[in-house]
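A.B. asks: Below: one structure in C-alpha cells.
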Amino acid sequence: MLDLAQLEVWFVVGSQSLYGEEVLDTVRAHAREMAESIAQSPVIPVKIVLKPVMTLPNAITQLCLEANKDKQCIGLLVWMHTFSPARMWIRGLDVLRKPLVHLHTQYNRRLPWTTIDMGFMNLNQSAHGDREFGFLTARMGLNRKVITGFWKDAAVAAQIGVWSRAAAAWHDSCELRIARFGDNMRNVAVTEGDKVEAQMRLGFSVEGFGVGDLADQIQQIGTEEILALLDEYEELYQMAEPVRPKGEFSSALREAARIELGLEKFLNSGGFEAFTDTFEDLHGLVQLPGLAVQRLMAKGYGFGAEGDWKTAALVRAMKVMSIGLVGGTSFLEDYTYDFGNPSKVMGAHMLEVCPSIAEGRPSLEVHPLSIGGKADPVRLVFNARSGPAVNVSVVDLGNRFRMILNEVEIVPPDEPLSRLPVARAVWIPMPNLEVAASSWIYAGGAHHTCLSLALSAEYLEDFANIAGIEFLRIGKETRSDAFRKEVHWNDAYFSLRARQ
C-alpha cells in the first residue's frame with residue numbers, strides 16, 4: 001500500500017522585492033516557522049516541504065515545472081505573506097499540473113492595536129495579497145481549494161490534512177493500472193463507460209485480460225504457499241466447521257487460497273492496484289473469487305464487480321485517502337430496503353465486501369452461489385460496524401463523469417441475519433430513504449458504490465475538485481426539489497462548457 005509519509009506537499013509563500021531585503025528576510029523566517037508548525041500536525045499524513053519565497057515570474061514558473069516532474073510532490077500549498085502581484089504567477093500556474101490549495105491566513109493572530117504602523121501593515125497584508133492571488137486563480141478557472149483561518153488552528157490543519165489525502169489519491173490515480181478480467185456483465189448500462197476519457201480525465205488505465213490468463217497463474221501456486229495462507233486464515237477468522245481440515249468444504253478453502261495467491265501474484269507482477277471480474281466469465285476458475293477479493297481489498301486494492309472499472313478506481317482512491325484512518329472502506333451495492341421507521345438500506349454483494357468495515361471477527365464460510373455455474377465459493381460473513389459513513393458512486397454521463405455521495409448512518413440489523421450468507425451493512429440514508437433514493441436516482445447514481453466509515457464528504461469533494469469532475473452531495477439538509485434543480489443547473493453548466 002502507498003506510504004503517505006513519503007509524499008510531499010510544497011509550501012510556497014509569495015511576496016515581492018518592493019519592500020526591501022529586510023522585509024523578505026522576515027517573510028522567509030515566518031514561512032519557515034509556519035512550515036515547521038504545520039508539518040508537526042498529526043492529522044497531516046504527508047511531508048510539508050518549504051520552498052524559497054517567490055518574488056519573480058521565472059522563479060515561479062521554474063518551481064511549478066519542478067513540481068510537475070517531482071515524483072514525491074502531490075501538490076502545492078500556496079500563501080501570500082505580503083502583496084504579490086498576481087500577473088507574475090500566470091505562466092507558472094498555467095503549466096502547473098499538480099493540485100493547488102490556497103491557504104488564506106496571516107502570520108499574526110491578533111493586531112497589535114497600540115503599536116501598529118505602516119511597517120507592520122506592509123509586512124502583514126495577506127488579506128490584500130491573497131485576494132489578488134484569488135482573483136487570478138478565479139480568472140484562470142483553476143481547480144483549487146481555499147482554506148481560510150489562522151495557521152496554528154486545528155481546524156486549518158484538519159482541512160490541509162483532508163486535502164492532502166485527496167491529493168495523494170489523485171497522485172495514485174494518475175498512475176493507477178486496473179486489470180479487467182473479462183468484460184462487464186452483459187446488458188448492464190451503468191458499468192459501461194469511456195475508458196479513453198477516463199484516462200484523460202482521471203489518469204488511470206484499464207487493461208483487459210482473458211480469465212484464462214489468471215487461471216494459468218493460479219495453477220502455478222504451490223502447496224507450501226497454500227498451507228501458509230490457511231494458517232493465516234485460522235489466526236484471523238472464525239472458521240466454520242465445514243471449512244476446517246476434515247470438513248466437507250476443506251478442499252474449497254484450499255482452492256480459495258490458491259485463487260487468492262494467484263490473483264495477488266498476477267496483480268503484483270503487472271503493477272495493478274485495482275481489478276474487476278465477472279461471474280459470467282469464470283473460464284478456468286473452480287469458484288468465483290470471493291475470499292480473495294475481500295482480502296485483497298483489505299490490503300488496499302480497488303475492486304469492482306461485473307467488470308465495473310469505474311468503481312474499482314473509486315475504491316482504490318478511497319482506500320488511499322483513508323490510509324491510517326479508523327473505520328474501513330469497501331466496495332458495496334445498494335441491495336434491498338426496509339421501509340420501516342426509519343426506512344433503511346441493506347447493502348451487500350454476492351461475496352465481495354471488504355472486512356475492513358467488519359464489526360468483530362469475520363466468519364469464514366462456504367455457501368452455494370445461485371449464479372455463475374461454479375463450485376460453492378468461500379467468503380467472509382460479517383455485519384458492518386455502526387457509525388457515520390459515506391456511500392459514493394461515479395458514473396459516466398457521456399459528456400462528463402459525475403460523483404454522487406450520500407451521507408449515511410450505519411446501524412445494527414434489526415434482528416440477527418442467521419440465514420444471509422454474505423457480509424452486509426445496514427444504514428439509514430440522510431436525510432431519509434425517500435429523499436436520498438429519489439435524489440440518487442435523479443442524479444443517475446449506480447447500484448455499485450464505495451462505502452467508507454473512515455471518510456467524510458469533504459475528502460471526496462476535494463478529490464472531485466482536483467480531478468475536475470462533477471460532485472453532488474446528498475446529506476441531512478437535502479431537499480428533493482432543490483437537489484433536482486441542482487442536477488438541472490449542472491447539466492446546463494456542463495453543456496455550455498463543452499461548447500467553449
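A.B. asks: Examine region 73-95 for a residue that is loosely packed, with under 15 Cβ neighbours inside 10 Å, under 21 Å from I160 (Cβ atoms) and outside the structural domain of A464 (by TED's automatic domain parsing), and state whether such a residue exists.
C.D. replies: For region 73-95, residues loosely packed, with under 15 Cβ neighbours inside 10 Å, under 21 Å from I160 (Cβ atoms) and outside the structural domain of A464 (by TED's automatic domain parsing): absent.
A.B. asks: Separate question: Quick one: would you say L460 is in contact (Cβ under 8 Å) with a residue 40 or more places away in the chain, under 20 Å from G161 (Cα atoms) and in a loop (DSSP other than H, G, I, E, B)?
C.D. replies: No.
A.B. asks: Sticking with this structure for a sec: Look at region 272-299 and say how many of its residues are among the small types (G, A, S), over 17 Å from V315 (Cα atoms) and under 26 Å from the mean Cα position of the chain (by Cα).
C.D. replies: Of the residues in region 272-299, 0 are among the small types (G, A, S), over 17 Å from V315 (Cα atoms) and under 26 Å from the mean Cα position of the chain (by Cα).
A.B. asks: Could you say which residue among I178, I147 is under 30 Å from G372 (Cβ atoms), hydrophobic (A, V, I, L, M, F, W, C) and under 24 Å from the mean Cα position of the chain (by Cα)?
C.D. replies: I178
A.B. asks: Out of region 302-338, which residues are among the aromatic types (F, W, Y) and over 15 Å from the mean Cα position of the chain (by Cα)?
C.D. replies: Passing the criteria: Y335, Y337.
A.B. asks: Have a look at L229, L214 and point out the one that is in a helix (DSSP H, G or I) and under 30 Å from G360 (Cβ atoms).
C.D. replies: Result of the check over L229, L214: L229.
A.B. asks: Another one. Of all the residues that make up region 463-474, how many are assigned to a helix (DSSP H, G or I) and more than 25 Å from G387 (Cβ to Cβ)?
C.D. replies: 3
A.B. asks: Can I ask one more? Can you work out which of the residues in region 126-176 that are aromatic (F, W, Y) and more than 23 Å from E273 (Cβ to Cβ) is surrounded by the most Cβ atoms within 10 Å (Cβ to Cβ)?
C.D. replies: F133
A.B. asks: What number of residues within region 372-387 are part of a loop (DSSP other than H, G, I, E, B) and surrounded by fewer than 21 Cβ atoms within 10 Å (Cβ to Cβ)?
C.D. replies: Of the residues in region 372-387, 7 are part of a loop (DSSP other than H, G, I, E, B) and surrounded by fewer than 21 Cβ atoms within 10 Å (Cβ to Cβ).
A.B. asks: Considering region 288-300 alone, what residues qualify as being surrounded by fewer than 24 Cβ atoms within 10 Å (Cβ to Cβ) and in a loop (DSSP other than H, G, I, E, B)?
C.D. replies: Correct list: K299, G300.
A.B. asks: Cβ-Cβ under 8 Å, sequence separation 6+ or interchain: first residue in region 207-220 and under 15 Å from A274 (Cβ atoms), partner surrounded by 13 or more Cβ atoms within 10 Å (Cβ to Cβ) and among the basic types (K, R). Which pairs?
C.D. replies: E207/R177; E207/R180; G208/R180; F209/R180
A.B. asks: Ok, one more. Under the condition of being touching a strand residue (DSSP E or B) at 6+ places or on another chain (Cβ under 9 Å) and over 26 Å from A348 (Cβ atoms), which residue from region 388-400 is surrounded by the fewest Cβ atoms within 10 Å (Cβ to Cβ)?
C.D. replies: L397
A.B. asks: It is to be established whether one or more residues within region 305-328 are in contact with a strand residue (DSSP E or B) (Cβ under 8 Å, 6 or more places away or on another chain) and part of a strand (DSSP E or B).
C.D. replies: No, that holds for no residue.
Residues checked against (1) more than 22 Å from the chain's Cα centre (by Cα); (2) modelled with pLDDT under 95:
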| site | (1), (2) |
| --- | --- |
| I371 | yes, yes |
| A375 | yes, yes |
| L380 | yes, no |
| S386 | no, no |
| N406 | no, no |
| P431 | yes, no |
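A.B. asks: Considering every residue within region 349-368, establish whether at least one is assigned by TED's automatic domain parsing to the domain that holds A457, surrounded by fewer than 19 Cβ atoms within 10 Å (Cβ to Cβ) and in contact with a helix residue (DSSP H, G or I) (Cβ under 6 Å, 6 or more places away or on another chain).
C.D. replies: Checked against the condition, which is being assigned by TED's automatic domain parsing to the domain that holds A457, surrounded by fewer than 19 Cβ atoms within 10 Å (Cβ to Cβ) and in contact with a helix residue (DSSP H, G or I) (Cβ under 6 Å, 6 or more places away or on another chain), region 349-368 yields no hits at all.
A.B. asks: Which of the helices (runs of 4 or more DSSP H) contained wholly in region 80-169 include at least 2 residues that are out of contact with any Phe, Trp or Tyr (no Cβ under 8 Å at 6 or more places or on another chain) and closer than 18 Å to M54 by Cα?
C.D. replies: 90-95, 126-139
A.B. asks: Then there's this: Could you go through region 422-431 and let me know if any residue there is outside any strand (DSSP E or B), buried (at least 24 other Cβ atoms within 10 Å of the Cβ) and without any contact (Cβ under 8 Å) to a residue 60 or more places away in the chain.
C.D. replies: There is no residue in region 422-431 that is outside any strand (DSSP E or B), buried (at least 24 other Cβ atoms within 10 Å of the Cβ) and without any contact (Cβ under 8 Å) to a residue 60 or more places away in the chain.
A.B. asks: Identify the single condition in (1) without any contact (Cβ under 8 Å) to a residue 24 or more places away in the chain; (2) buried (at least 17 other Cβ atoms within 10 Å of the Cβ) that S418 does not satisfy, given that it satisfies every other one.
C.D. replies: Evaluating S418 over (1) without any contact (Cβ under 8 Å) to a residue 24 or more places away in the chain; (2) buried (at least 17 other Cβ atoms within 10 Å of the Cβ) leaves (2) as the failure.
A.B. asks: Further, regarding this structure: For region 191-201, indicate whether the set of residues that are among the hydroxyl-bearing types (S, T, Y), under 15 Å from T311 (Cα atoms), outside any loop (DSSP other than H, G, I, E, B) and in the same structural domain as I469 (by TED's automatic domain parsing) is non-empty.
C.D. replies: No.
A.B. asks: Looking at E241, E248, E280, E264, which is the one that is modelled with pLDDT of 95 or more and not aromatic (F, W, Y)?
C.D. replies: After applying the criteria, what remains is E264.
A.B. asks: For region 340-371, which residues satisfy the criterion of being touching a Gly at 6+ places or on another chain (Cβ under 6 Å) and either part of a loop (DSSP other than H, G, I, E, B) or among the hydrophobic types (A, V, I, L, M, F, W, C) (or both)?
C.D. replies: The answer is L351, I357.
A.B. asks: Which of the residues that make up region 57-86 are more than 32 Å from the chain's Cα centre (by Cα) and at pLDDT 95 or above?
C.D. replies: Of everything in region 57-86, those that are more than 32 Å from the chain's Cα centre (by Cα) and at pLDDT 95 or above turn out to be P57, N58, A59.
Per-residue answers, yes or no, for (1) outside the structural domain of A317 (by TED's automatic domain parsing); (2) surrounded by 14 or more Cβ atoms within 10 Å (Cβ to Cβ); (3) closer than 28 Å to Y335 by Cβ; (4) among the β-branched types (V, I, T):
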residue	(1), (2), (3), (4)
S438	no, yes, yes, no
A443	no, yes, yes, no
A446	no, yes, yes, no
F463	no, yes, yes, no
I466	no, yes, no, yes
L472	no, yes, yes, no
K485	no, no, no, no
H488	no, no, no, no
Y493	no, no, no, no
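A.B. asks: Which condition from (1) buried (at least 24 other Cβ atoms within 10 Å of the Cβ); (2) of a type outside the set (S, T, N, Q); (3) in a strand (DSSP E or B); (4) over 19 Å from the mean Cα position of the chain (by Cα) is the one that L451 breaks?
C.D. replies: Looking at each condition in turn, L451 falls short on (4).
The values are calculated or read from the model by the stated rules, or taken from the named source; none is laboratory data. If you're wondering where the values come from, they're calculated on a predicted model, not measured in any experiment. Cβ coordinates were reconstructed from backbone atoms using ideal geometry, including for glycine residues, and neighbour counts include every protein chain displayed.
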